[in-house]
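So the structure is just underneath, and the comments pick up after that.
Read the figures in this text as sums done on the coordinates, not as results from a lab. Please read all numbers here as calculations on a predicted model, not as lab measurements. Glycine gets a Cβ as well: all are built from the backbone with ideal geometry, and neighbour counts include every protein chain shown.
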Amino acid sequence: MTDKLAVTARYRLRSFLEGPRTYSTKDHQLWALYRRGFLAPLTTEVPEDQQTWILTEAGMEALSTNDADDDENLN
């Protein structure tokens, strides 16, 4: 079972459903999501102070699980 994601973490992960996104390398929340296996870095040509990320299968599963939990709580 996946831990409950904070609202801000779910918001960030949902933004990756549309495809890879590039953010500052100083974005600590993205590194935390990476350590949990929800995001993976892509090798792309971006300025050295930026990183491009993509949602992993684990990230999609975490979103799905957390969204399903939210749906159950609404009923």
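Considering only residues of segment 15-25 that are touching a residue at least 24 places away in the same chain (Cβ under 8 Å) and closer than 15 Å to LEU55 by Cβ, which is surrounded by the fewest Cβ atoms within 10 Å (Cβ to Cβ)? Per the criteria, the residue is GLY19. Residue count for segment 17-52 under the criterion of being hydrophobic (A, V, I, L, M, F, W, C) and in contact with a Pro (Cβ under 6 Å, 6 or more places away or on another chain): the result is 1.
Residues that are surrounded by 15 or more Cβ atoms within 10 Å (Cβ to Cβ) and either under 13 Å from ALA58 (Cα atoms) or of a type in the set (Val, Ile, Thr) (or both) within segment 26-39 comprise LEU33, TYR34, ARG36, PHE38, LEU39, listed in sequence order.
When segment 1-14 is examined, which residues are found to be surrounded by 11 or more Cβ atoms within 10 Å (Cβ to Cβ) and part of a loop (DSSP other than H, G, I, E, B)? THR2, LYS4, LEU5, ALA6 - these are the residues of segment 1-14 that are surrounded by 11 or more Cβ atoms within 10 Å (Cβ to Cβ) and part of a loop (DSSP other than H, G, I, E, B).
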